[in-house]
Ligand SMILES: Cc1cc2nc3c(=O)[nH]c(=O)nc-3n(C[C@H](O)[C@H](O)[C@H](O)COP(=O)(O)OP(=O)(O)OC[C@H]3O[C@@H](n4cnc5c(N)ncnc54)[C@H](O)[C@@H]3O)c2cc1C
Ligand SMILES: Cc1cc2nc3c(=O)[nH]c(=O)nc-3n(C[C@H](O)[C@H](O)[C@H](O)COP(=O)(O)OP(=O)(O)OC[C@H]3O[C@@H](n4cnc5c(N)ncnc54)[C@H](O)[C@@H]3O)c2cc1C
């Protein structure tokens with residue numbers, strides 16, 4: 001690809017300068033996630049999007065290695081040409097999102113419970129840490145237990161531990177066909193039915209539920225789909241694949257509200273006593289809630305069910321955005337931050353106010 | 001120097017019931033090694049608590065007295081991870097063996113660490129569920145040990161390693177604080193500490209409870225057995241299956257020496273004149289399986305298999321697998337001792353690496369049987385030797401070390417699932433430069449600043465690597481200079 005570039009030396013020099021100047025850096029892929037996390041600080045922006053390009057891709061190895069700034073679009077096009085996909089179905093909307101940003105943000109799309117998350121699929125990294133050291137962890141092979149699993153720790157760390165110069169990710173064959181089914185029942189019995197279909201190992205790859213509309217996506221051919229419809233008494237829907245993409249990229253009408261948007265992660269069957277409607281994905285494991293309720297009320301409710309809540313979009317971004325941590329766990333995280341970024345260069349305050 | 005056995009035992013007898021404290025020399029002997037019997041050490045004492053609360057008390061006491069603690073599950077580990085510390089406590093979790101809860105609707109099981117791997121699937125069976133990661137040692141090994149080693153198994157190609165099937169652990173820190181890591185949902189807030197704990201070989205904390213994912217038992221499973229006249233062709237067939245977009249539930253390979261041993265041992269029905277066999281399992285609904293097994297069959301034939309058989313019935317399918325699952329003990333019958341290696345390589349290097357292992361076998365004059373999780377590129381060369389012959393253990397270790405360094409040189413790793421333990425500590429120096437090793441030590445210090453948990457395992461000191469390097473770079477020459485370095 002034109003524009004491919006290994007900028008690790010330049011980035012390494014940037015880190016050394018920042019250490020010398022005692023300044024902090026805001027790491028940016030394409031900046032599509034600026035809305036996410038705690039408010040952006042006033043730090044100097046370090047643009048990572050120039051460090052891009054696919055380094056190696058061998059379809060039979062089910063692994064792709066790319067520089068952190070590579071656009072998701074470029075990666076997905078390369079995979080598509082070989083009938084493969086990124087199983088965590090990362091959101092990317094206008095195609096600007098980078099693979100480094102996708103791993104650092106750690107978010108997954110509708111396929112997550114069936115395809116895995118960025119951390120599940122990350123096999124190895126080349127990391128530029130806060131002392132300007134370039135280190136490799138993990139690798140390109142499926143199984144690797146030599147040393148602690150440092151690479152996967154980077155997934156969801158919001159760039160607070162270092163710069164992902166390169167990532168190796170496990171890819172999977174893309175289903176040849178996918179179809180949607182609308183489940184025309186009241187929410188409770190629809191949820192039960194989806195549970196039943198999962199227990200029957202039906203090839204579900206996404207689920208959606210909001211008020212009186214429930215749907216699933218299935219990876220199978222038409223013949224199998226017919227048999228499934230027959231078995232559960234369901235109608236095949238004309239829902240386009242676009243629907244799931246809009247869900248993934250939060251383009252559905254539901255997502256156009258200006259109230260704070262909460263992302264709730266729970267055990268699928270956990271009940272939540274709420275009057276506001278929740279959009280559910282992951283057969284109930286992920287719920288989206290627009291609500292003006294005080295943060296503590298939402299957090300207490302979700303926590304009582306063993307889950308956690310992220311204030312995903314909108315609202316005040318200066319307080320806790322991610323769910324507050326047990327004091328000892330916070331202490332461990334601060335300890336890890338000090339290992340990878342002892343000068344506190346990267347994204348201060350973006351994840352938690354304490355580091 | 002150090003603490004004396006009697007007084008330490010007396011202190012623990014104040015904390016624990018008397019049957020939990022073992023300190024008589026002859027009773028300590030059974031604990032002197034794990035599955036890697038070439039390394040043995042007698043611990044100062046062995047503790048066998050019944051509850052997590054007792055484990056907590058033990059840790060608090062060890063922390064206060066600065067006594068090293070080595071955790072032990074079932075002791076089936078193959079890298080000496082549970083090798084005792086002579087000045088420390090060997091803390092067995094085997095009695096924490098209750099299945100706390102099976103949550104059918106969410107397909108989760110909450111179990112104590114001493115529960116055996118297979119016991120989880122047995123308990124889940126009435127609900128139509130099972131636990132996917134299935135190490136060959138699954139009748140014996142514990143879930144706590146599986147978490148500590150990030151254990152794999154035949155089904156991990158499709159269903160993932162332990163890491164992908166554990167959602168939450170309860171961890172006791174060295175000072176006895178109880179932490180919940182992960183959640184019962186699909187993610188947890190903050191840094192993903194579960195990734196660090198899984199595979200940490202008892203170096204960061206003690207796992208006292210685990211929540212694992214369960215999967216629905218597939219409607220049908222079928223296996224194809226393909227025989228090849230050439231190991232390299234079998235290796236290429238593996239890549240071919242993956243290239244055709246098939247993700248088998250299991251894809252395993254055995255070479256002639258190991259398949260003959262397995263045949264003699266369990267009468268699996270293997271073609272003993274084949275250079276190698278592949279076992280390829282598919283699972284799913286009746287129709288899916290019928291369709292896919294035909295495709296697999298065709299791909300295997302097209303890739304040069306001499307013969308492809310599918311199991312006639314469930315009994316035959318189990319028999320095909322019994323051969324593979326008993327491969328280690330079967331090979332173990334061929335010689336007084338065997339040494340099991342565990343490197344992982346990119347699948348496309350399989351043929352080359354096998355050929356080179358064959359050459360090494362001749363060079364060292366020691367036979368080597370090969371069993372692999374082929375789909376994952378995870379090799380288990382089994383080096384046969386006799387420890388009673390002067391110098392043969394050292395030769396086997398040297399041979400093994402050379403195999404592991406070859407794995408690193410072709411872009412792989414020294415261990416895919418058995419862990420580093422004490423066994424592969426020198427090869428860690430071949431895989432990681434100093435900054436990475438320093439980082440590992442620093443991560444450990446965050447959890448265990450006084451280095452009390454399993455000290456001396458998994459991560460070599462930089463000094464040790466300097467020494468190892470001096471030993472191995474003969475006359476300034478690296479091993480395998482002809483291979484490109486990764
Ligand atoms: C609900 C939702 C809505 C979305 N909406 C849009 C949208 O409107 N437009 C759009 O283009 N995309 C959108 N995305 C998708 C997003 O762009 C991609 O998923 C991608 O994760 C973000 O990549 P980025 O390069 O833009 O990350 P950034 O926003 O630049 O960074 C995300 C985080 O990762 C860190 N980071 C970035 N690169 C690295 C690196 N190499 N190493 C270490 N840390 C790094 C940053 O510091 C930051 O903390 C959306 C995603 C979601 C989930
Ligand atoms: C015949 C045979 C076949 C095998 N096949 C496979 C295979 O297919 N795949 C595979 O992955 N492995 C295999 N193994 C290796 C071994 O069974 C696994 O590594 C297993 O996970 C070890 O479990 P264990 O309970 O025996 O642990 P142990 O051997 O007792 O301990 C292993 C390590 O875990 C630590 N540990 C144990 N329990 C805890 C705990 N609760 N908290 C913290 N740390 C703990 C110990 O300190 C030690 O470092 C095989 C072994 C044998 C003998």
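How big is the Kirkwood radius of segment B:57-209, worked out from every pair of different alpha carbons and given in Å to one decimal?
15.8
Which of A:207, A:189, A:136 moves the most in a Gaussian network model of chain A with Cα springs under 10 Å?
A:189
Where does segment B:277-435 land on Rg(C-alpha)/(2.2 N^0.38 Å)?
1.20
Under a plain spin-label model, where a point goes 7 Å from the Cα along Cα-to-Cβ, how far apart in nm are residue B:312 and residue B:37?
Between residue B:312 and residue B:37, the simple spin-label model gives 3.8 nm.
Please give the average number of partner chain Cβ atoms lying within 10 Å of the Cβ of each residue in B:192-201, rounded to a whole number.
6
For chain A, what does -39500 (n - 2.57) per DSSP helix run (n ≥ 4), summed and divided by total residues, give at 222 nm, in deg cm²/dmol to the nearest 500?
Calculated from helices alone, the mean residue ellipticity at 222 nm is -7500 deg cm²/dmol.
Roughly speaking, what is the stretch gain from residue B:140 to residue B:125, that is 0.36 nm per residue apart minus the C-alpha to C-alpha distance, in nm to one decimal?
That works out to 3.6 nm of additional length.
Direction-averaged shadow area of the convex hull around the Cα atoms of segment B:1-113, nm²?
8.1
For segment B:289-378, report the convex hull volume of the alpha-carbon atoms normalised per residue, in Å³, without decimals.
In segment B:289-378, the Cα convex hull volume per residue is 135 Å³.
How much mean residue ellipticity at 222 nm does chain B get from its helices, if each DSSP H run of length 4 or more adds -39500 (n - 2.57) and you divide by all residues, to the nearest 500 deg cm²/dmol?
Mean residue ellipticity, 222 nm, calculated: -11000 deg cm²/dmol.
What fraction, in whole percent, of alpha-carbon pairs in segment A:167-253 exceed 22 Å separation?
That fraction is 27 percent.
With an 8 Å cut-off on Cα pairs and a minimum separation of 6 or more residues, tell me the relative contact order of segment A:90-244 in percent.
Dividing the mean separation by the residue count of segment A:90-244 yields 22 percent.
Once Rh for segment B:119-226 is found with the Kirkwood sum over Cα pairs, what is the Stokes-Einstein diffusion coefficient at 20 °C and 1.002 mPa s, in µm²/s?
145
Along the Cα→Cβ direction, 7 angstrom out, place labels at residue B:66 and residue A:245. What is the inter-label distance in nm?
Taking the simple label geometry, residue B:66 and residue A:245 are separated by 6.4 nm.
If the viscosity is 0.890 mPa s and the temperature 25 °C, what translational diffusion coefficient in µm²/s does Stokes-Einstein give for segment A:204-272 when Rh comes from Kirkwood over Cα pairs?
It comes out at roughly 170 µm²/s.
Other chains near B:215-227: what is the mean number of their Cβ atoms within 10 Å of each residue's Cβ?
For this peptide, the per-residue mean of nearby foreign Cβ atoms is 1.
Once the principal axes of the Cα atoms of the protein assembly as shown are found, what is the range along each, listed largest first in whole angstroms?
Extents along the principal axes: 77, 62, 58 Å.
Translational diffusion coefficient of segment B:84-129 at 37 °C, 0.692 mPa s, Stokes-Einstein with Kirkwood Rh over Cα pairs, in µm²/s as a whole number.
Once the numbers are plugged in, D ends up at 273 µm²/s.
What value does chain A have for Rg/Rh, both radii from Cα atoms and Rh as Kirkwood defines it?
Using Cα coordinates only, the ratio equals 0.97.
To the nearest 10 degrees, how steep is helix B:462-472 against the longest Cα principal axis of chain B, on a 0 to 90 scale?
That works out to roughly 40 degrees.
If you look at just the Cα atoms of segment B:203-284, how large are its Rg and its Dmax in Å?
Gyration radius and largest Cα-Cα distance of segment B:203-284: 17.0, 49 Å.
Work out Dmax and Rg for segment A:103-229 from the C-alpha atoms and quote the Rg first, both in angstrom.
Answer for segment A:103-229, Rg first and Dmax second: 19.2, 59 Å.
Taking the Cα atoms of segment A:81-143 alone, what are Rg (to one decimal) and Dmax (as a whole number) in Å?
Answer for segment A:81-143, Rg first and Dmax second: 13.4, 40 Å.
Would you look at the GNM of chain A, springs on alpha carbons closer than 10 Å, and say which of A:340, A:322, A:243 moves the most?
A:243
Sort B:93, A:128 by Cβ crowding within 10 Å, fewest neighbours at the top.
A:128, B:93
For chain A, find the longest principal axis of its Cα atoms and tell me its angle to the long axis of helix A:327-340, 0 to 90°, nearest 10.
Compared with the principal axis, the helix lies near 50 degrees.
Calculate how many DSSP beta bridges within the protein assembly as shown are antiparallel, expressed in % of all such bridges and rounded to the nearest 5.
Just about 90 percent of them are antiparallel.
In nm, to one decimal, how far is the modelled label at residue B:100 from the one at residue B:298, with both set 7 Å along Cα→Cβ?
That separation, rounded to one decimal, is 5.0 nm.
Can you tell me the order of B:149-161, B:343-355 when each peptide is scored by its average per-residue count of other Cβ atoms within 10 angstrom, highest first?
Packing order, densest peptide first, comes out as B:149-161, B:343-355.
How well do other chains shield peptide B:429-439, expressed as the mean number of their Cβ atoms within 10 Å of each residue Cβ?
Across B:429-439, the average partner-chain Cβ count within 10 Å equals 4.
Compute the acute angle (0 to 90°) between the alpha-carbon long axis of helix B:350-364 and the principal axis of greatest extent of the alpha-carbon atoms of chain B; round to the nearest 10°.
Once rounded, one gets 70 degrees.
How large is log10 I(q)/I(0) at q = 0.08, 0.09, 0.12, 0.13 Å⁻¹ when the Debye formula is applied to the Cα atoms of chain B, each weighted equally and without solvent?
Log10 of I(q)/I(0), two decimals: -0.49, -0.63, -1.12, -1.29.
Hey, what's the Cα Rg ratio for segment B:372-438 versus the globular rule of thumb, 2.2 N^0.38 Å?
The reported ratio for this selection is 1.21.
Grab the eigenvalues of the alpha-carbon gyration tensor for segment B:275-337, scale each by 5, take roots, and send me the semi-axes largest first in whole angstrom.
Gyration-tensor ellipsoid for segment B:275-337: 27, 16, 8 Å.
What does the convex hull of the Cα atoms come to per residue for segment B:15-54, in Å³?
Expressed per residue, the convex hull around the Cα atoms of segment B:15-54 is 85 Å³.
Can you give me the three principal axis dimensions of segment A:1-133 from its C-alpha atoms, in Å, biggest first?
Ordered largest first, segment A:1-133 gives principal extents of 48, 30, 25 Å.
We did not get these values from a lab; they are worked out from the coordinates using the rules stated. Because the structure is predicted, anything quoted here is derived from the model rather than measured. Cβ coordinates were reconstructed from backbone atoms using ideal geometry, including for glycine residues, and neighbour counts include every protein chain displayed.
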